[in-house]
Amino acid sequence: MKIFRRKKLSTINSICFFAIILIFANIGRAQQIDIDRIEQMPNFPTPYQMRDWKKVAIGYDSLVFDLQASGQYLPVIQINQSTINYPEHESFILHSYVG
């Protein structure tokens, strides 16, 4: 009786395995359909300007981490010398808002 159960279970496992293989094999066969109205749209809108994110990041760092900056709400950063967890190390403070 135990041998029969093992064969039956093995057959069920084999069927499930092949069914999964067939399902995944058919996933890659889906085709994209063209929609006329969408095809009339340009790939890039005009006028199109890509923002230079590297320049933005460098500008942000140079503004926020400048201890010598002067102005109404500057400098944005402050050095914290009374740290709790690591008293031998200084840290910095950045407020969550300006103004």
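The values are calculated or read from the model by the stated rules, or taken from the named source; none is laboratory data. Not measured: the values here are computed from a predicted model. No Cβ is skipped: glycine too gets one built from the backbone with ideal geometry, and neighbour counts run over all protein chains shown. For accessibility, only protein heavy atoms count, side chains too; no ligands or nucleic acids. Shrake-Rupley method; radii C 1.70, N 1.55, O 1.52, S 1.80 Å.
Details
So that you can scan it fast, the table gives a plain yes or no per residue for (1) modelled with pLDDT of 95 or more; (2) part of a helix (DSSP H, G or I); (3) within 24 Å of Gly99 (Cα to Cα); (4) touching a Gly at 6+ places or on another chain (Cβ under 9 Å):
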site	(1), (2), (3), (4)
Ala30	no, no, no, no
Gln49	no, no, no, no
Lys54	yes, yes, no, no
Gly59	yes, yes, yes, no
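- Qualifying residues in the range 88-99 (those that are at pLDDT 90 or above and either of a type outside the set (A, V, I, L, M, F, W, C) or open to solvent by 100 Å² or more (accessible area, probe 1.4 Å) (or both)) - the one nearest to Leu67 (Cα to Cα): Phe92
- Filter pass, Gln78 being outside any helix (DSSP H, G or I) and open to solvent by 100 Å² or more (accessible area, probe 1.4 Å): no
- Residue check for Ile20: under 30 Å from Val98 (Cβ atoms) and either over 25 Å from the mean Cα position of the chain (by Cα) or surrounded by 10 or more Cβ atoms within 10 Å (Cβ to Cβ) (or both): no
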